[in-house]
Amino acid sequence: MSTSFHNQSGVTLLETLIYIGILGIILTSIITVGFSMITIDRKLKFANEVEENAAFIVQKLGWVLKGAQSINAPPLNQSGSTLSVNTASTSSNPYVFDLSNGAIRLKVGTASPLPVTNGLVTVASISFSNYSFSADTKNTIRAKGLIKSFDTSMSASASFDVLINTQ
């Protein structure tokens, strides 16, 4: 008795290996695309956080300087890393912006300084310049700064350079 195996249909070992190889390539591609999307999403979130902190700093400076009666620091036609302003509300004076441990802080009167930026960013630099453009205008403050993501692998950064009139 002899049995013939040639008439049986089935999958050979070579076909199985080819299918496993194709499936492996497809799964590897899907995983790579997935990780790329996650990385891009993280980078966008960090970049957005940096931009929002920069905008908030400019907004907060504008709010304080809009009611400024006098500039304590930096002196007229000079620059510094601290901005001190007196407003019409004498009970809250002075308003002081400074840089400490990578965060811009705001100190109101005798209260403890509070951070204006959050912990997801680091302020690399800040400078304030006090200008007077004419005898008829009050002083104008120029604020320049550089903000970076605290996660250096994301390399998100934003800079700002604004002139704010104290009138």
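Nothing in this text is a laboratory measurement; each read-out follows from the coordinates by a stated rule. Remember, it's a predicted structure, so these values are computed and weren't measured experimentally. Glycine gets a Cβ as well: all are built from the backbone with ideal geometry, and neighbour counts include every protein chain shown.
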What angle, in degrees between 0 and 90 and rounded to the nearest 10, separates the Cα long axis of helix 13-66 from the longest principal axis of the Cα atoms of the chain?
10 degrees
Taking the Cα centre of the chain as origin and charging only Cβ (+1 Lys, Arg; -1 Asp, Glu), how large is the dipole, in debye to the nearest 20?
540 debye
Report the semi-axes of the equivalent ellipsoid for region 13-165 in whole Å, largest first, where each axis is √(5λ) for an eigenvalue λ of the Cα gyration tensor.
51, 14, 11
Simple SL model, points at 7 angstrom along Cα→Cβ for Lys66 and Leu114; separation in nm is 1.8 nm
For the modelled label position 7 Å from the Cα of Thr152 along Cα-to-Cβ, which residues of region 68-106 have backbone nitrogen atoms closer than 18 Å?
101-103
Which of Ile38, Ile25, Ile126 ends up with the largest GNM mean-square fluctuation for the chain, with Cα atoms connected below 10 Å?
Ile25
Just from its helices, what would the mean residue ellipticity at 222 nm be for the chain, if runs of 4 or more DSSP H residues each count -39500 (n - 2.57) and the sum is divided by every residue, rounded to the nearest 500 deg cm²/dmol?
-12000 deg cm²/dmol
Taking the chain as a Gaussian network, Cα atoms linked when under 10 Å apart, which of Ser70, Ser125, Ser29 shows the biggest mean-square fluctuation?
Ser29
Please compute the modelled spin-label separation between Thr12 and Asp161, points set 7 Å along Cα→Cβ, answer in nm with one decimal.
7.1 nm
How far, in nm, would the chain grow between Met37 and Lys144 when pulled straight, counting 0.36 nm per residue and subtracting the alpha carbon separation?
35.2 nm
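Across the chain, where is the longest run that never hits chymotrypsin sites (Phe, Trp or Tyr not before Pro) in a DSSP loop with at most 13 other C-beta atoms within 10 Å? Provide the component values of the computation, followed by the final result.
Working: sites that count: Phe5, Phe133.
Result for the longest clean stretch: 6-132.
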Treat each spin label as a single point 7 Å out from the Cα along the C-beta direction, and report the Ile25 to Ala124 distance in nm.
4.3 nm
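Give me the percent relative contact order of the chain, please, defined on Cα pairs under 8 angstrom at least 6 residues apart.
Numbers: 287 pairs, mean separation 32.7, N = 167.
Dividing the mean separation by the residue count of the chain yields 20 percent.
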